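The values are calculated or read from the model by the stated rules, or taken from the named source; none is laboratory data. Bear in mind the structure is a predicted one, so any value in this text is a computation, not a measurement. Cβ placement follows ideal geometry from the backbone for every residue including glycine, while neighbour counts extend to all protein chains displayed. Note: accessible area is taken over every heavy atom of the protein model, side chains too, but ligands, DNA and RNA are not part of it. Shrake-Rupley method; radii C 1.70, N 1.55, O 1.52, S 1.80 Å.
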Amino acid sequence: MQRSIPPFAPTKKPIAAGAKATRRLLPYVPQMSLAERDRRWDRARKRMIMHGYDALILLGNDIYWGMGMANLRYLLQVDSQIGADALFPLDGDPVVWNAVPHMNRPTSPYLSVQEWSTDFRSRGGPRVIAEEIKTRGLDKSKIGLVGYTSTIQPSTLLYGDVVALKELLPGARIDDASGLLQEMRMIKSDEEVDMLRGAGRIARKVIDTMRESARPGVTDAEVFANMTRTHLANGGEPNIFNLFSAGPVEHPADELWHLLHGCEQPLWPTMRPLEEGDIVLAEWHTKYGGYRCHTEYTVYLGKNAPKQLRHIWDVGVECLEASKEALTAGRTIREALEIIRAPARRAKLDWVELGFHAMGTASPEFPTVVYDWDTGTDTLNGYRIGEMVLEEGMCFGNNVDLHDSEWKPDVGTMLSDFMVVRPGRAECLVGTPTEFPAVW
């Protein structure tokens, strides 16, 4: 007979009667209101009814910078590097399985930092999920599995978990329902935008730190570490996404440097000291209250930047300004892209990415277009969604990554803000400075 895993590990001395998790931490952690929870749960359950689901099983993990948790964060305010699973029924309260037993002593820490969910148990995999479904009489029902998918990351549902659940629940009809929540996350509510505004304020401070830290003699790693400290010390969550790169603008023609776009970890940062004439590039996501604000920026070390580099930057600023006019309610994606890319086409510049990608509890969300129509995959080049109409409340990180191959094939600039689609003109949440970013 299989033994059930208890919700929490036992203690030798009984906990005092009536003792509960402290609530003193709530004012120090960004909170979504219970009204926002109720709004989301109502919308989710309406969609479940329309698709015939009696329950959703959310399977979360830390795949792709922790974005495998995006739907659990959205629906239940649960986000964990160790992963978590949840049962969200059409009727009744949800259950969350999170962490190993010793991390849930004396009780789940989640009971101290959020108010959306109350039933937390230690993680036990498909077996404990199946036991709960049987207990609730849902083992003959239609059940949707929710992982995370994006324009880059395929489904985060793990094959072994899916197979095990189907074997443990042979009478249930189980299929992938991840798209149900992905569609819900596309238009942000006022509370979501407020959380992104908080992330944007931190992102602006990270830009300042990048500018102040990048000096000759300082290592890549020191600049990266200072950016990370600013992110964390101002309330950002310790889920670090920073595509970073640095190197000399002038170098032998037979050397190729990675100075068109930042690189992932652990490729960068390095212990190389910066030098005069270097360029530093970064794309980072400031995560605040579960919401990710995208920013890109460039720093040049020195007073005498090459005129070609200044020209690339100036055209990038034009593209960014055009984005404010392009990302407005009622425009099609095709129309927006033409407006954003027009300055670069006139200047005959090339780009690594030039467009925008949706963001919220994950990145990239839908819709995302960063490549030209005939470049890369259809999920990133907009080939199938050109006539899709932008709606107020969509939120986008800009991608303005330009270079001039006639000058140098491996040196460019990165620039972005973070924009909310509005009527007439997009709302910018970061306030990225647009003067040429030279420091010395």
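The conditions are (1) modelled with pLDDT of 95 or more; (2) open to solvent by less than 50 Å² (accessible area, probe 1.4 Å), and Asn239 fails exactly one of them. Which is it?
(1)
Of everything in segment 199-228, what is more than 18 Å from Cys293 (Cβ to Cβ) and touching a helix residue (DSSP H, G or I) at 6+ places or on another chain (Cβ under 6 Å)? Give them in sequence order.
Of everything in segment 199-228, those that are more than 18 Å from Cys293 (Cβ to Cβ) and touching a helix residue (DSSP H, G or I) at 6+ places or on another chain (Cβ under 6 Å) turn out to be Ser213, Ala214, Val223, Asn226.
Would you mind telling me which numbered condition in (1) farther than 24 Å from Pro238 by Cα; (2) in contact with a strand residue (DSSP E or B) (Cβ under 7 Å, 6 or more places away or on another chain); (3) touching a residue at least 12 places away in the same chain (Cβ under 8 Å) Gly125 fails?
Against the list (1) farther than 24 Å from Pro238 by Cα; (2) in contact with a strand residue (DSSP E or B) (Cβ under 7 Å, 6 or more places away or on another chain); (3) touching a residue at least 12 places away in the same chain (Cβ under 8 Å), Gly125 comes up short only on (2).
If we keep just the residues of segment 137-166 that are within 15 Å of Ala55 (Cβ to Cβ) and free of Cβ contacts under 8 Å to residues at least 24 places away in the same chain, which is nearest to the chain's Cα centre (by Cα)?
Per the criteria, the residue is Lys166.
Residues that are open to solvent by less than 10 Å² (accessible area, probe 1.4 Å): which helices (runs of 4 or more DSSP H) entirely in segment 50-145 hold 2 or more of them?
70-76, 126-135
Determine which single condition Pro367 fails, assuming it passes every other condition in (1) open to solvent by 10 Å² or more (accessible area, probe 1.4 Å); (2) more than 23 Å from Val317 (Cβ to Cβ).
(1)
When residues of segment 375-389 are filtered for being open to solvent by less than 60 Å² (accessible area, probe 1.4 Å) and either in contact with a His (Cβ under 6 Å, 6 or more places away or on another chain) or on the phi < 0 side of the Ramachandran plot (or both), how many remain?
The qualifying residues number 5.
Quick one: in segment 167-182, which of the residues that are buried (at least 16 other Cβ atoms within 10 Å of the Cβ) and part of a helix (DSSP H, G or I) is nearest to the chain's Cα centre (by Cα)?
Residue satisfying both the conditions and the ranking: Gln182.
If you check Gly200 against the conditions, is it modelled with pLDDT of 95 or more and either more than 16 Å from the chain's Cα centre (by Cα) or not in a helix (DSSP H, G or I) (or both)?
It is false that Gly200 is modelled with pLDDT of 95 or more and either more than 16 Å from the chain's Cα centre (by Cα) or not in a helix (DSSP H, G or I) (or both).
Going by the conditions given, is Asp372 open to solvent by 60 Å² or more (accessible area, probe 1.4 Å) and of a type in the set (D, E, K, R)?
When the stated conditions are applied, Asp372 does not pass them.
Considering only residues that are open to solvent by less than 20 Å² (accessible area, probe 1.4 Å) and assigned to a loop (DSSP other than H, G, I, E, B), look in segment 259-276 and name the one that is nearest to Asp410 (Cα to Cα).
Gly262
Can you tell me which residue within segment 406-440, out of those that are among the β-branched types (Val, Ile, Thr) and assigned to a loop (DSSP other than H, G, I, E, B), is most open to solvent (accessible area, probe 1.4 Å)?
By that ranking, first place goes to Thr434.
Spot the failing condition for Glu392; the list is (1) open to solvent by less than 70 Å² (accessible area, probe 1.4 Å); (2) modelled with pLDDT of 95 or more; (3) within 23 Å of the chain's Cα centre (by Cα); (4) acidic (Asp, Glu), and only one is missed.
Going through (1) open to solvent by less than 70 Å² (accessible area, probe 1.4 Å); (2) modelled with pLDDT of 95 or more; (3) within 23 Å of the chain's Cα centre (by Cα); (4) acidic (Asp, Glu) one by one, Glu392 breaks only (1).
Of these, Asp42, Asp62, which one is over 18 Å from Arg121 (Cα atoms) and in contact with a Gly (Cβ under 7 Å, 6 or more places away or on another chain)?
Among Asp42, Asp62, only Asp62 is over 18 Å from Arg121 (Cα atoms) and in contact with a Gly (Cβ under 7 Å, 6 or more places away or on another chain).
Taking Lys188, is it in a strand (DSSP E or B), open to solvent by less than 30 Å² (accessible area, probe 1.4 Å), at pLDDT 95 or above and among the basic types (Lys, Arg)?
no
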